[in-house]
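All remarks here apply to the structure that follows.
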Amino acid sequence: MIAYDRPIKDLSKWRKAAPGKQLMACLLVLVVSGAISPSRAAADMYQGIADSMAGVLPLRQLLAQVHEAYPGKVLEVELEREEYGQGEIWVYEVKLLTEKGNVLKLEYDAVNMELLKIKGRAED
């Protein structure tokens, strides 16, 4: 490695001796100039998702409603955007292990907690 303690007059030596320094200098220039920054389009996309989720009810409310209607152990909960009727809605999907060992898949509208679909064997 070549140590430089005076100004470099011959840049060809610098290019051969310190390719890592060149990369760091280029990255520093890009960061300072703002060329490398979070995309505005990505920020807009995330804001759009957040806005569309404004009416989604909290998970604890869903779980209280599920346990009241279907005693058992919740195995999994997912929140997804799904086609329903004429448009898309937020849907909570719940997988539940009942007290008798059956697995239920319940789908609830995440805005009004209406039960949309039930798959599996519900117990009476």
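Computed values, structure above
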| quantity | calculated |
| --- | --- |
| Per-region count, the stretch 42-58, residues part of a helix (DSSP H, G or I) and touching a Phe, Trp or Tyr at 6+ places or on another chain (Cβ under 8 Å) | 1 |
| Qualifying residue in the stretch 108-121 (condition: of a type in the set (Val, Ile, Thr), assigned to a strand (DSSP E or B) and touching a helix residue (DSSP H, G or I) at 6+ places or on another chain (Cβ under 7 Å)) | no |
| Hits in the stretch 87-103 (condition: out of contact with any helix residue (DSSP H, G or I) (no Cβ under 8 Å at 6 or more places or on another chain), farther than 17 Å from ALA122 by Cβ and surrounded by 13 or more Cβ atoms within 10 Å (Cβ to Cβ)) | ILE89, VAL91 |
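Any read-out appearing in this document is the output of simple, stated calculations on the displayed coordinates, not a laboratory observation. Please read all numbers here as calculations on a predicted model, not as lab measurements. Quick reminder, even Gly has a Cβ in these numbers, built from the backbone with ideal geometry, and neighbours come from all protein chains shown.
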